[in-house]
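This report refers to the structure that appears directly beneath it.
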Amino acid sequence: MSNWPKSYPLALIIALMALLPVGVLFSLASDSAEIFDTHNLRVLGNTVSLMVLTIIGSVLIGVPLALFTAYVQMPFKRFWLILLAAPLALPSYIGAFAMYFSFGRGGEIENVLGITTPSIDGLWGSALVMSLYTYPFVMMTTRASLLSLDASLINAARTLGVSLYTSLWRVVLPRVATSIAAGALLAALYALSDFGTPAIMGLDTFTRVIFVEYNAFGLSQAAMLSLQLMVIVGLILFIESRIGGAKERPGRHLSLWPARWQRNLMLLAAMPILLLAIVLPLAVFTLWLIREGTGGFEFSYAWNSAYASFLAAIVAVILAIPVAHAAIAGKAGRLMERITYFGFGVPGIVMGTALVYVGLQLPYLYQTLGLLVMAYVLRFIPLAVGSVRSTAENLDTGLVKAARVLGASPREAFMRITLPLTLRGMIAGAALVFLEAMRELPATLMLGPTGFETLATYMWRVYEAGYFGRAAVPGLLLVLLSGFGLILMLSGERRAQFTVSEDDRS
């Protein structure tokens, strides 16, 4: 123990905190809670069905778009990539909200255009929304793998008389199958953990039923349901950890120059996706804003969201520093880092259930801002850890050693060299935590102080009350914030690509 780096003890404490929700749920669940009754089996069936349909939908949309953005040369290619990746940055409940109130009899499409459309709700409605907001997981992982393949494979197949489309199907896609599976499993995790979409669409999944049990003071049953959900999530996480990506490096990148009509056809095929996932929510929220104004919205809700998220971002970065440095120091530290990632796999509704019980046992914490911030930190600290670690790994250790040789203490070397040079990663990690906390719905509903409304919870309140037109301002603000998150995400991809190109040249 004396040889352990100084960051290990703190990292170990933080890692153990990440396991807190599961320990609490085990202690809360009682033998009297029902597991295999008819209702629970139906909930299990709905949850698994939604997960499977989301996987199918995200793959059917994401793989063709990955081929399109990776291989097809066309004007404004970067713009199209950003646009097609945009749904990943939006919370799916924004899309569910817009679609639920736009389609069907009396929906906004009928009110504005006079066209009667079928309703979008239940299992198929939830699966449609989930697919539209998770396909970028598949698109981005598959695209990254496609860019790592050598174009000579396709050229050889074409030389042997195989058509381009057959080459893509029989040569390229089998080589990126693991990346497709990795993206599909991320989509599955999202579908399992999402609360807003099935709740708005009226589908009884684990997340929705857990919230109902919580409101009915059935904490024991809610805990048992949460553990069942965590078993499925744990299985998906295990499968995801066993999947590797492509290991190849391109000899020459494939570029396709289709005829103009073919490019236009590809763009036309992408339009319905962009219309439903991005244009429809923006149009509906703008229409409500014009029709009803700000309604009962108070800008204190935006301040509450920003304040709680800012506190969570600061705390997450402070806790991420020892974890990141421990992960760099050795295998034990890397294990501690992996444990903190467990919190990111815990659905918000499960985290909320566990911490509600903690609050009940510690009355001075119950329904306080501190408990809510704790939930945010436990859920999103991996985002901060990843950003801080990636920056710290690129730090030249010779600078710190030189400072020590010149008489600087370890603390002084950290404050004057390590901290300033890792500041960019800390800011990026804090920004990601801030944006995710702003959008978090179920944990905020369960743990927020009495009367503490945020943008996300206000949208939920107006949905419950039926005053959906009042969701315009928070909806548009959340879309705007999601745009900032997308910029951060894609700027990270650009830096990664720049680093790879620099490595190739060296």
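The values are calculated or read from the model by the stated rules, or taken from the named source; none is laboratory data. Here the structure is a predicted model, which is why all the values come from computation and not from measurement. Glycine gets a Cβ as well: all are built from the backbone with ideal geometry, and neighbour counts include every protein chain shown. For the accessible areas, the whole protein counts, side chains as well, though only heavy atoms, and no ligand, DNA or RNA atoms are used. Shrake-Rupley method; radii C 1.70, N 1.55, O 1.52, S 1.80 Å.
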Hey, if you put +1 on the Cβ of every Lys and Arg and -1 on every Asp and Glu Cβ in segment 264-405, which of F299, F344, Y366 ends up farthest toward the positive end of that dipole? F344
Distribution output for segment 447-489: share of Cα-Cα pairs per 10 Å bin in percent, first bin at 0, values 27, 42, 27, 4
So what are segment 342-388's ellipsoid semi-axes, whole angstrom, largest first, if each one is the square root of 5 times an eigenvalue of the alpha-carbon gyration tensor? 22, 12, 6
Place the peptides 422-435, 459-472, 376-389 in order of packing, highest mean first, counting for every residue the other Cβ atoms within 10 Å and averaging per peptide. 376-389, 422-435, 459-472
Suppose all protein chains stay in the model; what accessible area per residue would a 1.4 Å probe give for segment 27-125, in Å²? 45
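Can you tell me the equivalent ellipsoid semi-axes for segment 277-318? Use √(5λ) from the Cα gyration tensor, largest first, whole Å.
30, 16, 4
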Under 5 Å between amide H atoms, partner at least 5 residues away or on a different chain: which partners does V72 have, H built in plane at 1.01 Å? L256
For segment 321-327, in order, what is each residue's ³J(HN,Hα) by Karplus, 6.51 cos²θ - 1.76 cosθ + 1.60 with θ = phi - 60°, in whole Hz (x at glycine and Pro)? 4, x, 5, 5, 6, 5, 5
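In whole Å, what three semi-axes, largest first, describe the equivalent ellipsoid of the chain built from its Cα gyration tensor (square root of 5 times each eigenvalue)?
Those come to 34, 34, 23 Å.
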Given Cβ point charges of +1 (Lys, Arg) and -1 (Asp, Glu) and nothing else, what value in debye, to the nearest 20, does the dipole of the chain about its Cα centre take? 1760
Asserting the computed 222 nm helical MRE of the chain (DSSP H runs at least 4 long, -39500 (n - 2.57) per run, divided by residue count, to nearest 500) equals -23500 deg cm²/dmol
So for R0 = 22 Å, FRET eff. of L369-F217 from the Cβ-Cβ r, to 0.05, ends up at 0.45
Pop out the ³J(HN,Hα) list for segment 377-386 in order, Karplus 6.51 cos²θ - 1.76 cosθ + 1.60 with θ = phi - 60°, rounded to Hz; leave Gly and Pro as x. 5, 4, 6, 10, 4, x, 4, 6, 4, x
So how do 100-111, 219-230 stack up, highest first, on mean other-Cβ count within 10 Å? 219-230, 100-111
For segment 70-75, what does the Karplus curve 6.51 cos²θ - 1.76 cosθ + 1.60, with θ = phi - 60°, yield as ³J(HN,Hα) per residue in whole Hz, taken in order and with x for Gly and Pro? 8, 10, 7, 8, 7, x
How big is the gap, in Å, between the Cα center of segment 222-241 and the Cα center of segment 336-415? 23
